[in-house]
Structures are given as structure tokens and as C-alpha cells.
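So the structure is just underneath, and the comments pick up after that.
The values are calculated or read from the model by the stated rules, or taken from the named source; none is laboratory data. Treat the numbers as computed from the prediction; the structure is a model and nothing was measured. When we count neighbours, we look across all protein chains shown, and the Cβ atoms used for this are built from the backbone with ideal geometry, even at glycine.
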Amino acid sequence: MEITNHTRGTKMLSIAICDDQQDSLETIEEELHRSSKNLNVEIETHLYTDGNDMLGLMKNNKDYFDVVFLDIDMPKISGLDVAAKMRSINQEILLVFISAHEQYVFDSIDYSPIKYIRKLKMHDEIELALKKANKCINSRNTKTIIIKTDDGEIRLRHDDIMYFEMYRRRITVYINNGKAIELKERKTIKSLYEELDDEDFVQIHSGGIVNVKYIYEYSGYSITLDNETKLVISRSRLKEVKEQMARYWRNRV
């Protein structure tokens, strides 16, 4: 079952709340609407007592929710199992775990939550979670680029692009949904980098551009992306890559 409620403010976040206990569900919603008024954030809440119902909606529209507040200890399907399926649908959705038990904290890390809230501390911590979620949403990159392919033109959000790579004079763009699209236009990596004109991207060598947000780690002259792709950084580009990474994360703290 889903119930939708709306609080008016200056911004809009679509928030799903999933908890098998109705009283807990209503308490979380009340705290969110109280917090939204304090923060002047416009929210719309969608209530679920079964994680499968929420997942069903997401399968039809993966971007329906901006944030999910998810209880972990539920009988039909646990919050951790819901989170695993949710991440397979949408890697970008913001996740907040809520639980009466602290032993799930380390297990929850695998699903990249922005916060873990203890039910006894909801009054204090839900507002902090909403504030963080709102900041994350507003910091997302809304720029787009139109690329020409053999099938026509495609508009891509910069945020969805993981990296560009040139091979045999053809550039391929790799998207966060696992797809790879070859550009029809013949251009250099340098000219593409200038066309992007976005500090979230960095040129790592003469044939590659990476979206810094997808860099999971770097070691020596290589970086690993969130999807475990490993890419080499040229010696001449290493300093710039490190500076760009530091700037990106500094702006999002």
C-alpha cells in the first residue's frame, strides 16, 4: 500500500518511506514534514509497508524517488535486501537506513547510505539526513551534451557519463547504466574535453576523459571507477587528476 502526502516549501524532493510498522512509518513521516518546514524544503512523501511494492514502482520509473528512508528489520523482505535490489535499479538514489538495532551498521555500508538513523534518535537525526539529502540533490550536475551516433542524436546528462575513451580514432562514451555508445563524429579527446567545459571531468591521458564523481580510488598511475573499471593516468596528467579529485570532494563536504 502507498500513501502520498505533500508539504509545500521552496524545493521539492520525492521521498519514499518504507517500514512494516504503521506507527513507525507515520512517525518518520511526521518528523520529515517537521524538518522540511524548518529547512524550507518542499517534499512529497510516499509510504510503504512492504519493500516489494516500492521496488515495483521503481522498476517502472527508476527516477521516481530522490530519497528512500528504509527500515532494515522487516519480515517480508529485509531492508538490506530491498537496498540491494534498489541499487541494481538506480545507483543514484539517496538512501537513509533507519533501524532500532545498531548491529546492521557495517552491513549497510555496502549500499552507500548517506546516513544510518537509530529509531530512538529519529527526532534529532532525521532533520540532519534531510538537510544532507537536499544538499546532495542540489549539488548534482544538470549539464547535458548532445552526441551524434549512427542512429541519430542522443542527449546525455553529464552526471550519467562515467568516462570517454578513444580507440582507433573513434570515441566511445560509457554510461552509468552499463551501456557504451560510439560517437559518429570524428573529434579529438582534447576538443571533446573543451566542449564539455565541466570541472567534474578530467582528462587522464591523450585518449581518455573521466567523470571525477565515479572515481572510487587511485593508486600510483591508475584509477578505479565505481564499476571496477581500471584506467591508466599519464604521468603528465597525474597532478591535474589529483587536484580535480580533491576539488570535487571538497566542494561536496
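Of all residues in the stretch 203-253, those satisfying the criterion of being surrounded by fewer than 13 Cβ atoms within 10 Å (Cβ to Cβ) and assigned to a helix (DSSP H, G or I) are ARG235, SER236, LYS239, GLU243, ALA246, TRP249, ARG250. When restricted to residues that are farther than 17 Å from PHE65 by Cβ and surrounded by 13 or more Cβ atoms within 10 Å (Cβ to Cβ), the stretch 118-129 contains 6.
Restricting attention to the stretch 161-191, the residues that are within 25 Å of the chain's Cα centre (by Cα) and assigned to a loop (DSSP other than H, G, I, E, B) total 4.
For the stretch 150-157, the count of residues that are under 27 Å from ASP110 (Cα atoms) and not polar (S, T, N, Q) is at least one. Take ILE171 and tell me if it is buried (at least 18 other Cβ atoms within 10 Å of the Cβ) and either farther than 30 Å from ILE28 by Cα or outside the structural domain of LYS62 (by TED's automatic domain parsing) (or both). Criteria met by ILE171. Taking first residues from the stretch 203-225 that are among the aromatic types (Phe, Trp, Tyr) and partners that are modelled with pLDDT of 95 or more and in a loop (DSSP other than H, G, I, E, B), the Cβ contacts under 7 Å between residues at least 6 apart in sequence or on separate chains come to TYR221/ILE233.
Of all the listed residues (LYS239, LYS179), the sole one being modelled with pLDDT of 90 or more, within 18 Å of GLU92 (Cα to Cα) and charged (D, E, K, R) is LYS179. ASP23 satisfies every condition listed in (1) within 18 Å of ILE114 (Cβ to Cβ); (2) free of Cβ contacts under 8 Å to residues at least 12 places away in the same chain except (1). For the stretch 173-205, a residue qualifies if it is in contact with a strand residue (DSSP E or B) (Cβ under 8 Å, 6 or more places away or on another chain) and of a type in the set (Lys, Arg), and the qualifying residues are LYS184, ARG186, LYS187, LYS190.
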